[in-house]
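The values are calculated or read from the model by the stated rules, or taken from the named source; none is laboratory data. Since we're looking at a predicted model, the values are computed, not measured. Every residue, glycine among them, receives a Cβ derived from its backbone with ideal geometry; neighbour counts consider all protein chains shown. We work out accessible area using only protein heavy atoms, side chains counted, and drop any ligands, DNA or RNA first. Shrake-Rupley method; radii C 1.70, N 1.55, O 1.52, S 1.80 Å.
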Amino acid sequence: KQTDLHETHPQIFDKTYLTVNIDHHPTNTEFADLNIIVPDAASSCEIIVELADILGWKMNSDIATCLLTGVYTDTGGLLHSNTTAKVYRTVARLLRAGAKQQTIVTAIFRTAKLSTLKLWGRVLEKITLTQEGGAISALTQGDFRATGAHYSELTGAIDYVNAVPGMRFSLILSERDGIVKGSLRTLREDVDVAKMASKFSGGGHRKAAGFSVPGTLQPEVRWKVVEPSTDPIPSSDLPPSAS
């Protein structure tokens, strides 16, 4: 669902062709004729590299660069906890095949459009902390219009929301054409965000997942009255009229 291929290329799923499904998400529904699901892999590109070596496929510099891009993005530049020894071996294999590492690093991690920075600024400005230990931010279609950013430019912002110390999970909600998409992350071992996403027919991994539901976002502000000796903190106990 995250690729939107079921909407942009529905013919792929109409059973006219033999379909092959290569994935590393444990929540994969195995929709194809041939399903190659490896939940322990850090990315689907890692699986493809292994298949290429088993089947003897030739790999040139362009192919290796594309596959290394997939490995880098799914591991956060080799920073996420899914970066295993096998991932490093895969990276070495792709570098030997001519993957252009610095081209990838520059394009993904060291280049950002002005519209992207403005959009991420709105994400950070809107972060709220919940009593359940969540760091949550939300973007409306108006935010995308005001910043001139495309929906794809939201990618990566969730990692900054997830950096808030002491939080159990982070969530970014984004509104687009009658659909609200959610991106979930966690750094904790005792939190399964894939399970959280599954409640909204989404999926992913224990530490990174997503979902989409029909609807729009509506802001809500609530307050509570506290003792004079303590600092007033926004809460969900009372409506604004009670203060």
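Quick notes
- Test for Gly203: is it within 25 Å of Ser43 (Cβ to Cβ) and open to solvent by less than 30 Å² (accessible area, probe 1.4 Å): yes
- Residue match in region 85-95 (condition: more than 17 Å from Asp159 (Cβ to Cβ), in a loop (DSSP other than H, G, I, E, B) and open to solvent by less than 60 Å² (accessible area, probe 1.4 Å)): no
- The set of residues from region 42-62 being open to solvent by less than 40 Å² (accessible area, probe 1.4 Å) and among the small types (Gly, Ala, Ser) comprises Ala42, Ser43, Ser44, Ala52, Ser61.
- Every test in (1) in contact with a strand residue (DSSP E or B) (Cβ under 9 Å, 6 or more places away or on another chain); (2) farther than 23 Å from Ser212 by Cα; (3) not acidic (Asp, Glu) is passed by Ala112 save one, and that test is (1).
- Answer residue from region 140-155, given it is loosely packed, with under 15 Cβ neighbours inside 10 Å and not aliphatic (A, V, I, L, M) and is nearest to Thr73 (Cα to Cα) among those: Thr155
- Scan region 113-129 for residues that are in a loop (DSSP other than H, G, I, E, B) and surrounded by fewer than 14 Cβ atoms within 10 Å (Cβ to Cβ) and the total you get is 1.
- Top-ranked residue of region 166-192 - restricted to ones that are open to solvent by less than 40 Å² (accessible area, probe 1.4 Å) and farther than 23 Å from Glu125 by Cα, ranked as farthest from the chain's Cα centre (by Cα): Gly178
- Of the residues making up region 89-106, those that are more than 22 Å from Ile47 (Cα to Cα) and free of Cβ contacts under 8 Å to residues at least 12 places away in the same chain are Gln102, Thr106.
- Criterion violated by Ala197 - all others in (1) under 17 Å from the mean Cα position of the chain (by Cα); (2) under 22 Å from His24 (Cβ atoms); (3) surrounded by fewer than 19 Cβ atoms within 10 Å (Cβ to Cβ) satisfied: (3)
- Condition met for Thr65 (buried (at least 17 other Cβ atoms within 10 Å of the Cβ), polar (S, T, N, Q) and either at pLDDT 90 or above or not in a helix (DSSP H, G or I) (or both)): yes
- Contacts under 6 angstrom Cβ, first residue in region 128-157 being on the phi < 0 side of the Ramachandran plot, partner assigned to a strand (DSSP E or B) and among the acidic types (Asp, Glu), 6 or more apart: Thr140/Glu175; Gln141/Glu175
- When region 28-55 is limited to residues that are of a type in the set (Ser, Thr, Tyr) and out of contact with any helix residue (DSSP H, G or I) (no Cβ under 6 Å at 6 or more places or on another chain), the one that is modelled with the lowest pLDDT turns out to be Thr29.
- Failed condition for Ala99, given (1) outside any helix (DSSP H, G or I); (2) surrounded by fewer than 20 Cβ atoms within 10 Å (Cβ to Cβ): (2)
- The residue that is farthest from Thr116 (Cα to Cα), among those in region 158-195 that are touching a Lys or Arg at 6+ places or on another chain (Cβ under 9 Å) and among the small types (Gly, Ala, Ser), is Ala194.
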